[in-house]
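Just below is one structure, and these are the notes that go with it.
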Amino acid sequence: MKTIPALAAWACAASCSVTLAAPPPTLSFDDVRSGMRGEGRTVFEGNRIETFQVEIVGKLPRIGPDQNLILARLTGGPLAQTGVLAGMSGSPVWVDGKLVGAVAYSWGFSKEALAGITPIAEMFAVSRREVAPRARAAALERGALDLAREPARLATFFERDLPRRLPVLSLPAVRAVPIAVAGMAPEGFSRVAPGLAAAGFLPVQSGSAGAGSGPPPKLEPGSPVGVQLVRGDVDITATGTVTWVDGDQVYAFGHPLYGLGSVDLPLTAARVETLLASLNASSKIAVPLDEIGAFRQDRTAAIWGRLGVKPRMIPVRLQWSDASGGRRAYAFDVASDPLLGPLLLYNVLNGIVGGNERIYGTTTLRLREGSVIKIDGEDDVELDNLFAGDSAPGYATGLSAYILYLLMNNDWRTPSISGVNLILDYEDGPRTAVIRRVTLDRHRVHAGEKVHAAIVLSPYRGPDQVLEREIEIPEETPAGRLLVQVGDAGSVSRAESADDPVGPRDLGQLVRLINRLRRNDRVYVVGSRQDAGVSLGGARLPNLPPSALGILTRPRSTGNYALLPLRVVLEEEIRTDYAVEGFARVQLEVEER
């Protein structure tokens, strides 16, 4: 197991990784002319900075708000064979001893190494936007918690909907950022690569030198640099090039990572292992080294950070048990970002599952008790559940990641996520069972009495089982018809969705609602009766007289309200060893005493 970077790296960061430099002489965008020649600096192998030749061929002014682009032809080194390499982003360009900007963009299938250069003045402006890392959050849609009850929709959320919410850069060029993925088997890598590619990266299966690989090299213009999104036993790091180092400040890339604004992401040294020549997009293959600081800004013109500071990450600890009883532990951290954090957790978990077991066909995954998300100052968020069937891996990983998304994007305050602990068991074959029928020993009762229920389950390739339960009718149940619904978590939740429209009003209440989500390995028995009630201002007002109901719901009334045609008077759950499917209804008549 690879250890997470030690504190020793921080101690030497300021002394061994900082290049002190006076502000460089610069050439403004207005003064750049076609035909000018200069040189650029980058690393083609290891950490040795080499030069390449640059010829300015044109300019594209105002391609965006306060955004310009310089066009240049690059020659020298391996560029005749590779063209502009993904990973060269940030390579500084000098003309007549003056810093012009950074190589940032290229064009796919280009016959020559034609690059787009971001002007240096636009890059330096990014540091003026320095603020303490601020909390960001996406706006949760109404009924966002309902998606947690529909695991079949979670894969679509993480593979299509959430990536679309990340900022997208629009330019007449391509920003190709190589992203090194380490710690996953090829099968796991194949699971995460499409999502990373859709996000604008060039995913490469790589390794990670990590902590203990020697002192980090000195960062200077042209050095390789990494933005670590996941660190530990699984490592996902986007790599590029340093444009300028000013004391403890580092400017890199010449374009955004995502364009997220204020960020808090690990800054690492890196080493180029080799070059991958491609007709489409050639790339450096690099590995991240020790963590030496944190990137604080992710803007259109550059990413910017400071050396010697420590970013905040979310620790994830996974205990994995396979079908043969073998066990393995994983320790990794993901970016503490409300959009990236859940998306990365989903992809890493899918990569681990895909690398350890088959992901096609029917399987069973169980998140055991003790699987929690820990939030400082709040109750633990419970994740234990059972998933079985063709899509079990996606459901198990998707639900954990989606609940993290709900917590990090809540409407009330920034949560301090102190850890995600997962205990995940894998089993070949579907551990499923279908509810066939429900019978009651009688259909007329008095309040306070018990009814004997027999629920017939049909397990996959197994004999029928009968679950028996004495159901007590609450003393306060009024006379009349009582609808008893027996079913799996999803079916019962859908059947009563109109009966519980009240959403959470603070983070603590959101945690409690999540912890009350029904589990897939249980049969639920829910008794409801007709009601004349409303939900008003977050409060439930049941069994209202017609006069009061009319006043509260008439058109000129103010405030948000919802009619509640049903009222739950009892609910019981029966634990099973299966992921349960099926739904049935029976009716009881509650008689006057």
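A few notes on this one:
- Ala137 meets the stated requirement of being within 25 Å of the chain's Cα centre (by Cα) and under 30 Å from Asp264 (Cα atoms).
- Any hit, the stretch 315-328, residues being over 21 Å from Ser208 (Cα atoms) and crowded, with 21+ Cβ neighbours inside 10 Å: no
- Residues satisfying the stated conditions in the stretch 142-166, i.e. within 16 Å of the chain's Cα centre (by Cα), exposed (fewer than 14 other Cβ atoms within 10 Å of the Cβ) and either touching a residue at least 40 places away in the same chain (Cβ under 8 Å) or closer than 15 Å to Leu404 by Cβ (or both): Arg165
- Residue match in the stretch 426-445 (condition: under 24 Å from the mean Cα position of the chain (by Cα) and in contact (Cβ under 8 Å) with a residue 60 or more places away in the chain): yes
- Any hit, the stretch 25-47, residues being outside any helix (DSSP H, G or I), open to solvent by less than 30 Å² (accessible area, probe 1.4 Å), at pLDDT 95 or above and over 23 Å from Thr82 (Cα atoms): yes
- Single residue of Arg461, Arg481, Arg442 found to be open to solvent by 20 Å² or more (accessible area, probe 1.4 Å) and within 30 Å of Arg153 (Cα to Cα): Arg461
- Checking the stated criteria, Asn409 turns out to be over 30 Å from Glu187 (Cβ atoms), in contact with a Leu (Cβ under 6 Å, 6 or more places away or on another chain) and either in contact (Cβ under 8 Å) with a residue 40 or more places away in the chain or open to solvent by less than 10 Å² (accessible area, probe 1.4 Å) (or both).
- Considering residues of the stretch 301-310 that are hydrophobic (A, V, I, L, M, F, W, C) and outside any loop (DSSP other than H, G, I, E, B) only, the residue surrounded by the most Cβ atoms within 10 Å (Cβ to Cβ): Ile303
- Complete set of residues in the stretch 370-385 that are farther than 16 Å from Gln319 by Cα and part of a loop (DSSP other than H, G, I, E, B): Asp376, Gly377, Glu378, Asp379, Asp380
- Qualifying residue in the stretch 382-389 (condition: more than 16 Å from Ala579 (Cβ to Cβ), buried (at least 19 other Cβ atoms within 10 Å of the Cβ) and either out of contact with any Lys or Arg (no Cβ under 6 Å at 6 or more places or on another chain) or not basic (Lys, Arg) (or both)): yes
- Lone unmet requirement of (1) at pLDDT 95 or above; (2) open to solvent by 10 Å² or more (accessible area, probe 1.4 Å); (3) of a type outside the set (A, V, I, L, M) for Tyr360: (1)
- Screening the stretch 311-369 for strands (runs of 3 or more DSSP E) wholly inside it with 2 or more residues that are out of contact with any His (no Cβ under 8 Å at 6 or more places or on another chain) and within 18 Å of Asp390 (Cα to Cα) returns the ranges 363-367.
- Whichever residue in the stretch 58-101 is farther than 24 Å from Phe44 by Cβ and outside any strand (DSSP E or B) and, among such residues, is modelled with the highest pLDDT: Asp96
- Check on Val225, at pLDDT 80 or above and in contact with a Ser or Thr (Cβ under 7 Å, 6 or more places away or on another chain): yes
- Of all residues in the stretch 241-300, those being assigned to a loop (DSSP other than H, G, I, E, B) and open to solvent by 10 Å² or more (accessible area, probe 1.4 Å) number 12.
Table: residues versus (1) at pLDDT below 90; (2) of a type outside the set (Asp, Glu); (3) touching a Ser or Thr at 6+ places or on another chain (Cβ under 6 Å).
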{"residue": "Glu496", "(1), (2), (3)": "yes, no, no"}
{"residue": "Leu507", "(1), (2), (3)": "no, yes, no"}
{"residue": "Leu517", "(1), (2), (3)": "no, yes, no"}
{"residue": "Tyr524", "(1), (2), (3)": "no, yes, no"}
{"residue": "Ser528", "(1), (2), (3)": "yes, yes, no"}
{"residue": "Ile551", "(1), (2), (3)": "yes, yes, no"}
{"residue": "Arg554", "(1), (2), (3)": "yes, yes, no"}
{"residue": "Ala584", "(1), (2), (3)": "no, yes, no"}
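- In summary, Ile403 fulfils each of the numbered conditions (1) more than 26 Å from Tyr360 (Cα to Cα); (2) of a type outside the set (Asp, Glu); (3) open to solvent by less than 10 Å² (accessible area, probe 1.4 Å); (4) under 39 Å from the mean Cα position of the chain (by Cα) with the single exception of condition (1).
The values are calculated or read from the model by the stated rules, or taken from the named source; none is laboratory data. The structure presented is a predicted model; accordingly, all values stated were derived computationally and were not measured. A quick note on method: Cβ atoms are made from the backbone with ideal geometry, for glycine too, and the neighbour counts reach across all protein chains shown. Surface accessibility is based on the protein's heavy atoms, side chains included, excluding ligands, DNA and RNA. Shrake-Rupley method; radii C 1.70, N 1.55, O 1.52, S 1.80 Å.
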